[in-house]
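Everything below concerns the one structure shown next.
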Amino acid sequence: MEIRIDSLLEGARRARGVAVIVDVFRAFTTAAVAFSRGAPKIVMVAEPDEALALRARGMGDLCVGEVNGIRPKGFDFGNSPFEMAGADLEGKVVVQSTRAGTTGVAAATEASAVYAASFVVARATARAILRDNPSLVTIVAMGWNADLRTDEDELCALYLRNLLEGREPSSDALRQLVQASGQVGKFYDPAQPHFHPEDCDMALDVNRYDFAIRVAREDGLLVARPHA
Ligand SMILES: O=C(O)[C@H](CS(=O)(=O)O)OP(=O)(O)O
Ligand SMILES: [Mg+2]
């Protein structure tokens, strides 16, 4: 198995083989929590207007996401694992739009298969990929706004490569490295109430869930489902 690591939107666009789109803060932590709260599937789109249009057409029940970290007008929830944790999503189809994570999923058009990953589903994602034993895996760290590399996604990509190669680095070490990085302060900034300290804590609960998040095209839509 060849494992490549890439970054940002251009990395998603050129991803070949099985693509693992990584977004720790917060898209694919939020998605994992949504599944844990009963959402059967998540339709992933790049643009907020696409999400609103799908909900208007009855293709989704709830819009979740962000622009600049803030819940877009008309959305039901922000892109917050903490907000998701308080929601009853049993049987509710979520439509998610974020500026890095879901935009990266939508851009990965050359990939043979796509996973959406974060620390909370890392081991399950590696296990699912190893079961299929593909010849090529491309791990893409989406970063901030898909155009600035950030520690949490890069570290999660490196962690995933280690797992795929049969090693399991220390979760405590990962948490310490991410907590020392530049993307954490916003969760504790009263001037940015759309970010919650609990978002960060939940995103760093390494391997919290035992499912991966597999994304596949269904009737022309990118649909994410928990993948045991
Ligand atoms: O909602 C998020 O946390 C981020 C936006 S920001 O980088 O924190 O401003 O979006 P995502 O697409 O989940 O990286
Ligand atoms: Mg992010």
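Tell me whether the range 93-100 contains one or more residues that are more than 12 Å from ligand 1 (Cβ to nearest atom) and in contact with a helix residue (DSSP H, G or I) (Cβ under 6 Å, 6 or more places away or on another chain).
Checking the range 93-100: at least one residue is more than 12 Å from ligand 1 (Cβ to nearest atom) and in contact with a helix residue (DSSP H, G or I) (Cβ under 6 Å, 6 or more places away or on another chain).
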* **Any chance R127 is open to solvent by 10 Å² or more (accessible area, probe 1.4 Å), among the basic types (K, R) and within 13 Å of the chain's Cα centre (by Cα)** => no
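Residue by residue, here is whether (1) within 15 Å of ligand 2 (Cβ to nearest atom); (2) touching a residue at least 40 places away in the same chain (Cβ under 8 Å); (3) assigned to a helix (DSSP H, G or I) holds:
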{"position": "V64", "(1), (2), (3)": "yes, no, no"}
{"position": "P72", "(1), (2), (3)": "no, no, no"}
{"position": "G104", "(1), (2), (3)": "yes, yes, yes"}
{"position": "A111", "(1), (2), (3)": "no, yes, no"}
{"position": "R123", "(1), (2), (3)": "no, yes, yes"}
{"position": "R127", "(1), (2), (3)": "no, yes, yes"}
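Restricted to the range 18-27, and to residues that are open to solvent by less than 20 Å² (accessible area, probe 1.4 Å) and not charged (D, E, K, R), which residue is farthest from ligand 1 (Cβ to nearest atom)? Before you say what the answer is, go through the steps one by one.
Quick first cut of the range 18-27, residues open to solvent by less than 20 Å² (accessible area, probe 1.4 Å) only: 18-24, 26-27.
This time we only want the ones that are not charged (D, E, K, R), so: 18-22, 24, 27.
On the way: V18: 21, A19: 16, V20: 15, I21: 10, V22: 10, V24: 8, A27: 3 Å.
Top of the filtered list is V18.
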* So, of the residues in the range 199-212 that are away from ligand 1 (no atom under 13 Å from the Cβ) and not in a loop (DSSP other than H, G, I, E, B), which turns out to be farthest from V24 (Cα to Cα)? -> A212
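For V67, are the conditions met, namely being out of contact with any Ser or Thr (no Cβ under 6 Å at 6 or more places or on another chain), open to solvent by 20 Å² or more (accessible area, probe 1.4 Å) and either more than 11 Å from V95 (Cα to Cα) or of a type in the set (A, V, I, L, M) (or both)?
So V67 passes the test.
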* To do: Report the residue count in the range 1-55 for those that are touching a residue at least 60 places away in the same chain (Cβ under 8 Å), among the charged types (D, E, K, R) and farther than 19 Å from E152 by Cβ.
  => 6
* To do: Starting from residues that are within 16 Å of ligand 2 (Cβ to nearest atom), part of a loop (DSSP other than H, G, I, E, B) and open to solvent by less than 30 Å² (accessible area, probe 1.4 Å), keep the ones in the range 130-169 and report whichever is farthest from A106 (Cα to Cα).
  => T150
* Which listed residue, of E83, E90, is modelled with pLDDT of 95 or more, among the acidic types (D, E) and part of a helix (DSSP H, G or I) -> E83
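Of all the residues that make up the range 173-219, how many are among the aromatic types (F, W, Y) and away from ligand 2 (no atom under 16 Å from the Cβ)? Give the steps one after another, and end with the answer.
First, the residues of the range 173-219 that are among the aromatic types (F, W, Y): 187-188, 195, 209, 211.
Retained after the next criterion (residues that are away from ligand 2 (no atom under 16 Å from the Cβ)): 188, 209, 211.
Adding up the residues that qualify gives 3.
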* out of contact with any Cys (no Cβ under 9 Å at 6 or more places or on another chain), surrounded by 18 or more Cβ atoms within 10 Å (Cβ to Cβ) and part of a loop (DSSP other than H, G, I, E, B), is that true of G60? -> yes
* Would you confirm whether any residue within the range 28-41 is of a type outside the set (K, R), in a strand (DSSP E or B) and open to solvent by 20 Å² or more (accessible area, probe 1.4 Å)? => no
* **Exclusive hit being polar (S, T, N, Q), within 16 Å of ligand 2 (Cβ to nearest atom) and over 14 Å from the mean Cα position of the chain (by Cα), set N68, N79** => N68
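Restricting to the range 170-198, name every residue that is assigned to a loop (DSSP other than H, G, I, E, B), touching a Phe, Trp or Tyr at 6+ places or on another chain (Cβ under 8 Å) and open to solvent by 40 Å² or more (accessible area, probe 1.4 Å). I'd like the intermediate steps shown before the answer.
First pass over the range 170-198, keeping only residues assigned to a loop (DSSP other than H, G, I, E, B): 170, 180-184, 189-196.
Filter again for touching a Phe, Trp or Tyr at 6+ places or on another chain (Cβ under 8 Å), leaving 183, 189, 195-196.
Of everything in the range 170-198, just one residue is assigned to a loop (DSSP other than H, G, I, E, B), touching a Phe, Trp or Tyr at 6+ places or on another chain (Cβ under 8 Å) and open to solvent by 40 Å² or more (accessible area, probe 1.4 Å), namely D189.
The values are calculated or read from the model by the stated rules, or taken from the named source; none is laboratory data. All values derive from a computational prediction rather than experimental measurement. Here Cβ is always computed from backbone atoms with ideal geometry, including for glycine, and neighbour counts include all displayed protein chains. Heavy atoms of the whole protein, side chains included, go into the accessibility calculation; ligands, DNA and RNA do not. Shrake-Rupley method; radii C 1.70, N 1.55, O 1.52, S 1.80 Å.
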